[in-house]
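Asker: Got a structure here, written out as C-alpha cells. Questions coming.
The values are calculated or read from the model by the stated rules, or taken from the named source; none is laboratory data. What you see is a predicted model, and the numbers here were worked out from it, not measured in a lab. Neighbour counts run over all protein chains shown; Cβ positions are idealised from the backbone, glycine included. In case anyone asks, the SASA skips ligands and DNA or RNA and just uses the protein heavy atoms, side chains included. Shrake-Rupley method; radii C 1.70, N 1.55, O 1.52, S 1.80 Å.
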Amino acid sequence: MAEITLYGAPWCPDCKRSKQFLSEHRVNYKWVDIDRDPEGLAFVERLQGGGRTIPTVVFGEGDYLLEPSNEELARKLGLSLKAERSFYDLGIVGGGPAGLAAAIYAAREGMNAIVIDRSALGGQSGVTERIDNYPGFPEGVGGADLADRFIAQARRYEVEMLAAVSVAHLAKDGEDVQITLGTGQELATHAAILAPGSSYRRLGVPGEDELIGAGVHFCATCDGPFYKGAEELMVIGGGNSALEEGLFLTQFAKRIRVLQLSPQLSASKLLQDKVRKHPQFSIHTNTEVRELRGEGRLESVVARDVSSGEEHTWTPAAVFVFIGLDPNTEFLKGTVELDERGFIKTDAMFQTSIPGVFAAGDARAGSTKQLGSAVGDGIAALLVARRFLQDHNHLAARP
C-alpha cells in the first residue's frame, strides 16, 4: 500500500475512528494534527478548495478520501467485503486468536467455514507490541507477527475470511443459523461459533491512540515484564483489576503510581488495604488524565487534580489502563443469553442459549481474557461444533 497521511485533529471522533481502523489493520500512516500544523491545515484547504473536512486521508498516488467510513477505507485497502457463498457449514464471528484457531481446525476437519470480523483479522493480539507468554516463543514474539502467522495458517487451509465487515444480526432459522452482515448480505450456516472478543475501554485523551503498544498498555501480565528495572510505572483505574495488576507490576518497577478519576478507589477493601500499606504505591484519587505525550514512545503523562485544578506531569516508563472491558456483543442483544455485563453465557460445552451456536474467547462469560486460553477456547468450541454437525448429519462422522 502506498504511503498514507491522515490529516485531522484530536477532538474529531471520525479521525479517531479512522486512526484506529488503520492501526488495527497494521497499516502504517503519518498523522498530521491540523490544529498544531499550519502547513497541514493549508494543505487540507488547498485540497478541498478552502474546505476543512476531516479526516482527510491522502494516499501516496495522490488519491484522497474525505471523512471516509470504515467500509470506504477497507475498499481502498483492497479488502474483500463480500462472502463468496450464501451457505456454509460453519460461520465464525470474530477473527481474533479464538476465531482463527477454530477456523484452522474447521478446515482440517473438512468443514466449509467463513470467518467474519468487524475490524482487522488477528484481534487485539495484532496491535500488541510484544507477547512474552505464548508457548513456543521462548524469546517472545511481536503481536503483529503472531497475528500474521495465525492468518497465514488459515489462508494455507483456504479459509474464507472477511475483515472490516460487521455482523448486524444473528438468528436461528429452522435448523440453521442466519447471519446478516452489515453490508446487507445474508448467509446461512449449519452452526456458528461466536468469538467477537472484547475491547478495553480507552481514556479518549490526546496521544493515546498513537502510543498504544509503545508505552500505553492494557495487560500487565502481557507487557509488564518489558519494563523490568523501571523507576516508575503508572496504573490508571481504581477497581480490583487495576490494583491487582498494579501489585503484579511491583516486581518490575520501584514505584507504582495509581490514578483514579473518582474520589475513592472502587476495589475491595481488602485489596485497597493491601495496596495502601505497600511501600511501592503512590495513589492519586480525584485525578484525571488530560494527555499522553511522546514521539513514537510514551514520554510523559499530563493529569489534573479535579478538586484543586492543579496540573501534574509525570514521566512513567509505561501506563497501564484498567478502566473496564466491554464485550463486542451489541449485535447479539435479544438473540443469545448474555450476562449483566454483556458477556455470552455458555454451558460447560461452550453451547450458548441457541442450539448449534457456540461461544469462545474473551466475549465468553468466565473466560480468562488471555491469548493462550482464547486459542484453546476456539479449538474446544470447534470440536464441540463438529460433534453437533455430525449428530445432525451435516458432517460425516470420523472413522
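Asker: Only one residue in Ser125, Ser199 is part of a strand (DSSP E or B), in contact (Cβ under 8 Å) with a residue 12 or more places away in the chain and in contact with a strand residue (DSSP E or B) (Cβ under 8 Å, 6 or more places away or on another chain). Which one?
Answerer: Ser199
Every residue, every condition in (1) open to solvent by less than 10 Å² (accessible area, probe 1.4 Å); (2) touching a helix residue (DSSP H, G or I) at 6+ places or on another chain (Cβ under 7 Å); (3) within 30 Å of Tyr29 (Cα to Cα), yes or no:
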| site | (1), (2), (3) |
| --- | --- |
| Leu211 | yes, no, yes |
| Val216 | yes, yes, yes |
| Thr221 | no, yes, yes |
| Leu249 | yes, yes, no |
| Ala253 | yes, yes, no |
| Ser262 | no, no, no |
| Ser268 | no, yes, no |
| Phe281 | no, yes, no |
| Thr285 | no, no, no |
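Asker: Please go through the range 268-293 and pick out each residue that is touching a Gly at 6+ places or on another chain (Cβ under 6 Å) and closer than 21 Å to Gly224 by Cα.
Answerer: Leu292, Arg293
Asker: Continuing with the same structure: What is the residue count in the range 114-160 for residues that are modelled with pLDDT under 90, touching a Gly at 6+ places or on another chain (Cβ under 7 Å) and open to solvent by 20 Å² or more (accessible area, probe 1.4 Å)?
Answerer: 9
Asker: What are the residue pairs meeting all of these: first residue in the range 46-72, first residue in contact (Cβ under 8 Å) with a residue 60 or more places away in the chain, second residue in a helix (DSSP H, G or I), Cβ atoms under 9 Å, and 6 or more apart or on different chains?
Answerer: Asn70/Arg17; Asn70/Ser18; Asn70/Phe21
Asker: Which of the residues belonging to the range 19-56 are basic (Lys, Arg) and assigned to a loop (DSSP other than H, G, I, E, B)?
Answerer: Arg26, Arg36, Arg52, listed by residue number.
Results for (1) touching a strand residue (DSSP E or B) at 6+ places or on another chain (Cβ under 7 Å); (2) open to solvent by less than 40 Å² (accessible area, probe 1.4 Å), shown as yes or no for each residue.
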{"position": "Thr329", "(1), (2)": "yes, yes"}
{"position": "Gly334", "(1), (2)": "no, no"}
{"position": "Glu337", "(1), (2)": "no, no"}
{"position": "Gly361", "(1), (2)": "no, yes"}
{"position": "Ala365", "(1), (2)": "yes, yes"}
{"position": "Leu371", "(1), (2)": "yes, yes"}
{"position": "Asp377", "(1), (2)": "yes, yes"}
{"position": "Ala380", "(1), (2)": "no, yes"}
{"position": "Val384", "(1), (2)": "yes, yes"}
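Asker: Okay, next question. Could you grab the pairs with beta carbons closer than 6 Å, sequence gap of 6+ or different chains, first residue in the range 6-18 and part of a helix (DSSP H, G or I), second one open to solvent by 30 Å² or more (accessible area, probe 1.4 Å)?
Answerer: As it stands, the answer is Asp14/Glu67, since those pairs meet every condition given.
Asker: Do you know which residues across the range 19-31 are touching a residue at least 60 places away in the same chain (Cβ under 8 Å), under 21 Å from Leu203 (Cβ atoms) and of a type outside the set (Phe, Trp, Tyr)?
Answerer: Lys19, Gln20, Ser23, Glu24
Asker: So if I check each of Asp391, Asp305, which one is within 26 Å of Cys219 (Cα to Cα), open to solvent by 30 Å² or more (accessible area, probe 1.4 Å), of a type in the set (Asp, Glu) and out of contact with any Pro (no Cβ under 7 Å at 6 or more places or on another chain)?
Answerer: Selected residue: Asp305, the only one of Asp391, Asp305 that is within 26 Å of Cys219 (Cα to Cα), open to solvent by 30 Å² or more (accessible area, probe 1.4 Å), of a type in the set (Asp, Glu) and out of contact with any Pro (no Cβ under 7 Å at 6 or more places or on another chain).
Asker: If a residue must be under 22 Å from the mean Cα position of the chain (by Cα) and over 19 Å from Gly361 (Cα atoms), how many such residues does the range 181-205 contain?
Answerer: 7
Asker: Which strands (runs of 3 or more DSSP E) does the range 286-393 wholly contain that include 3 or more residues that are in contact (Cβ under 8 Å) with a residue 60 or more places away in the chain and under 25 Å from Gly182 (Cβ atoms)?
Answerer: Because the criterion is at least 3 residues that are in contact (Cβ under 8 Å) with a residue 60 or more places away in the chain and under 25 Å from Gly182 (Cβ atoms), the strands (runs of 3 or more DSSP E) in the range 286-393 that meet it are 325-327, 357-359.
Asker: Still on this model: Within the range 1-17, take every residue that is modelled with pLDDT under 90 and open to solvent by less than 60 Å² (accessible area, probe 1.4 Å) and give me the one that is nearest to Asp148 (Cα to Cα).
Answerer: Per the criteria, the residue is Ala2.
Asker: Only residues that are in a loop (DSSP other than H, G, I, E, B), surrounded by fewer than 20 Cβ atoms within 10 Å (Cβ to Cβ) and within 23 Å of the chain's Cα centre (by Cα): list them for the range 69-103, please.
Answerer: Passing the criteria: Ser69, Leu77, Gly78, Leu79, Ser80, Leu81, Lys82.
Asker: Can you tell which of Glu231, Glu244, Glu210 is charged (D, E, K, R) and either in a loop (DSSP other than H, G, I, E, B) or without any contact (Cβ under 8 Å) to a residue 40 or more places away in the chain (or both)?
Answerer: Glu244
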